[in-house]
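Reading through the C-alpha cells given below for one structure.
The values are calculated or read from the model by the stated rules, or taken from the named source; none is laboratory data. Please read these numbers as outputs of a predicted model, since none were measured by experiment. A quick note on method: Cβ atoms are made from the backbone with ideal geometry, for glycine too, and the neighbour counts reach across all protein chains shown.
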Amino acid sequence: MIRKKKPASRERAEMIFMTALNRLVQRRIKEGNQVKIDMTSLAEEAGYARSYLYKFPIESVIARLREIQSSDGLPKKPSSTSDVLRKLRDERDQMRIERDIAVETSRRLTLDLMELKGGL
C-alpha cells in the first residue's frame with residue numbers, strides 16, 4: 001500500500017516525478033529492460049498515489065513517460081556500419097554549419113570593432 005502524501009506544488013510535483021522517472025530509467029538500463037515503467041510504477045517510485053498523476057496531470061512528465069514507453073527506454077544502437085557513418089556525417093555537417101556561423105559572427109564583430117576604433 002502506498003502511503004499518501006499531501007499534495008505538492010505543481011513545480012515541486014513535476015520535479016519529484018521527473019526525478020523518479022529518471023531513477024526508473026537508470027534502473028531499467030542497469031537491469032536490462034526488466035523494470036516496467038508506467039504510471040503505476042512512476043507513482044510508486046515518487047511515493048505518491050497513482051491517482052495524483054491522473055488528477056493533476058503534469059504534461060512534461062506524461063510526455064516523457066510516453067516517449068520512454070514507445071522507445072523501450074533504452075538508447076537505440078545503430079544497426080549497421082552505414083547507420084553509424086550516416087550519423088557521424090550528419091554530426092559533421094551540423095558542426096560545419098555551427099563553425100561557419102561562429103566564423104561569420106566573429107568576422108562581423110571584428111569589423112564593428114575596427115569601425116569603432118577608427119571613429120574615435
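Can you tell me how many residues in the stretch 15-36 are at pLDDT below 85 and in contact with a helix residue (DSSP H, G or I) (Cβ under 6 Å, 6 or more places away or on another chain)?
Residues flagged as at pLDDT below 85 and in contact with a helix residue (DSSP H, G or I) (Cβ under 6 Å, 6 or more places away or on another chain) within the stretch 15-36 amount to 1.
Tell me, which helices (runs of 4 or more DSSP H) lie completely within the stretch 9-120 with 1 or more residues that are of a type in the set (Phe, Trp, Tyr)?
10-31, 50-55
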